[in-house]
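Have a look at the structure below, then the notes.
Quick note: the coordinates plus some simple rules give every number you see, no bench work behind them. No experiment lies behind these values; they were computed from the predicted model shown. Note that each Cβ is placed from the backbone with ideal geometry, even for glycine, and that neighbours are counted across all protein chains shown.
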Amino acid sequence: MIQAAAATVERFPGAAGKPPAGSEFAPLLRTVRGQGLLDRRTGWYTLGIAVNALALGAAVTAVVLLGDSWWTLLLAPLLAVLSARTAFIGHDAGHAQITANRSLSRAIGLVHGNLLLGMSYAWWNDKHNRHHANPNHIDKDPDVAADVLVFTSDQARARAGFRRWLTRNQAWLFFPLTLLEGLALKVYGFRDLRRQPPRERAVEGLLLLAHVTGYATLLLTTMSPGKAVAFAALHQALFGLHLGLAFAPNHKGMDMPDPDADDRWGHLRRQVLTSRNIRGGPVTDWFLGGLNYQIEHHLFPSMPRPHLRLAQPLVRAHCRDLGIPYTETGLVDSYRQALRHMHEVGEPLRA
């Protein structure tokens with residue numbers, strides 16, 4: 001990692017140093033805004049939300065019709081994919097990509113997050129906004145805080161007991177651990193209710209309970225307890241895996257700002273140098289929910305998802321003119337890079 005960073009600085013001297021005077025981001029922002037790429041796409045999202053709702057309704061209806069049969073478990077992977085689509089809609093609502101109306105954005109987020117997924121919209125927004133403000137900053141980004149996984153050698157050296165073993169093998173365990181993410185998101189949401197103000201807590205809590213009650217009722221009234229548990233386990237595991245596959249390539253293994261130094265990166269460098277794009281076409285866009293354009297998404301969080309692809313050539317050209325590395329790779333290679341970083345982080349414990 002140190003050699004890679006040194007090579008980056010040698011090829012792009014301004015990448016790790018203090019940027020030139022004036023804003024490097026402002027000209028790009030003017031261009032993007034001038035081309036209407038920050039304008040909302042209400043019709044596109046309305047159609048997407050409607051299609052997703054109909055698909056979810058059809059999947060639930062199929063579960064009811066198939067009933068107490070092992071064939072019903074074949075619907076769990078489909079429901080996992082639709083749950084990921086639902087999460088992507090909630091993500092976009094949290095960034096005000098769908099509408100500029102805050103109340104409407106929150107309503108969309110609460111329906112798609114709390115009610116349909118059992119995942120707290122307020123918890124996600126708080127965590128995700130802190131990540132966007134300081135991506136890969138070890139003291140400010142909750143996504144790289146030491147938890148089940150660690151992302152720096154210093155974090156690794158502080159591990160003890162079972163967590164020490166976990167860190168030694170975290171690269172091998174990463175994708176198996178994502179199978180628990182669907183359940184973990186629900187637990188985090190309920191735990192976060194204590195942080196929320198009373199009015200928000202009441203709304204969020206009632207919708208989370210409504211989801212759990214509705215989900216359990218659907219499964220337990222249509223199939224035996226054993227089949228219901230098997231269906232829920234398969235659905236939640238594949239949902240977590242899908243989200244892991246979508247989020248893993250974005251930042252892991254990219255630059256991490258020095259927490260002990262003054263912030264020498266402006267908005268442009270802070271977002272570009274810590275993010276990685278994934279090459280691909282419409283299928284990749286659909287599977288990753290537009291998060292394959294991670295650089296553009298971080299530079300313009302409120303940009304509607306269908307505009308990210310259109311903004312990419314502008315951002316890439318702007319970075320090239322400034323000599324700022326613009327990282328883009330294939331999907332499989334992105335996983336390889338992320339896992340290699342996690343493997344290197346655990347190296348001191350293996351030695």
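Sort 285-295, 67-77 by the packing proxy (mean of other Cβ within 10 Å over each peptide's residues), most packed first.
Highest mean packing first, the order is 285-295, 67-77.
For the ranges 78-84, 24-30, what's the packing order if you count other beta-carbon atoms within 10 Å of each residue, average per peptide, and put the highest first?
Going from most to least packed, we get 78-84, 24-30.
Which order do the peptides 223-232, 57-66 take when ranked by the mean count of other beta-carbon atoms within 10 Å per residue, highest first?
Those peptides, ordered most packed to least, come out 223-232, 57-66.
Rounded to the nearest 10 degrees, what's the angle between the helix 225-247 long axis and the longest principal axis of the chain, both from Cα atoms, 0 to 90?
Tilt of helix 225-247: around 20 degrees.
What list of ³J(HN,Hα) values in whole Hz, one per residue of segment 281-293 in order, does the Karplus curve 6.51 cos²θ - 1.76 cosθ + 1.60 (θ = phi - 60°) give from phi, with Gly and Pro shown as x?
Once θ is set to phi - 60°, the couplings for segment 281-293 become x, x, 5, 5, 4, 5, 5, 9, x, x, 6, 5, 9 Hz.
Below 8 Å, C-alpha to C-alpha, sequence gap of six or more: please give me the relative contact order for the chain in percent.
Contact order relative to length: 27 percent.
When the Karplus curve 6.51 cos²θ - 1.76 cosθ + 1.60 is applied with θ = phi - 60°, which whole-Hz ³J(HN,Hα) does each residue of segment 122-132 get, with x for Gly and Pro?
5, 4, 4, 4, 4, 5, 6, 5, 5, 5, 5
Work out the count of Lys pairs in segment 2-350 where the Cα-Cα distance is under 20 Å, with the pair 8 or more places apart or on different chains.
Lysine pairs meeting the criterion: 4.
How many percent of the alpha carbon pairs in segment 2-350 exceed a separation of 29 Å?
Cα-Cα pairs of segment 2-350 separated by over 29 Å account for 44 percent.
Using +1 on the beta carbon of Lys and Arg, -1 on that of Asp and Glu, and nothing else charged, what's the dipole of the chain about the Cα centre, debye to 20?
Its charge dipole is roughly 220 debye.
How would segment 222-351 be classified by its alpha-carbon gyration tensor: rounded, prolate or oblate, with rounded meaning a/c under 1.5 and the a/b versus b/c comparison settling the rest?
It comes out oblate by the Cα gyration axes.
Amide H neighbours of E328 under 5 Å, at least 5 residues apart or on other chains, H built in the peptide plane: list them.
N277
In percent, how large is the relative contact order of segment 172-296, given Cα pairs closer than 8 Å and 6 or more residues apart?
28 percent
Work from the charge dipole of the chain (Cβ charges, +1 for Lys and Arg, -1 for Asp and Glu, about the Cα centre) and give the residue of A351, T152, V60 farthest towards its positive end.
Value: V60.
Note down the relative contact order for segment 23-150 as a percent, whole number, built from C-alpha pairs under 8 angstrom at least six residues apart.
Rounded, it is 15 percent for segment 23-150.
For a paramagnetic label modelled at 7 Å from the Cα of Y188 toward its Cβ, which residues of segment 49-92 fall within the zone defined by backbone nitrogen distances under 13 Å?
91, by backbone N distance to the label point.
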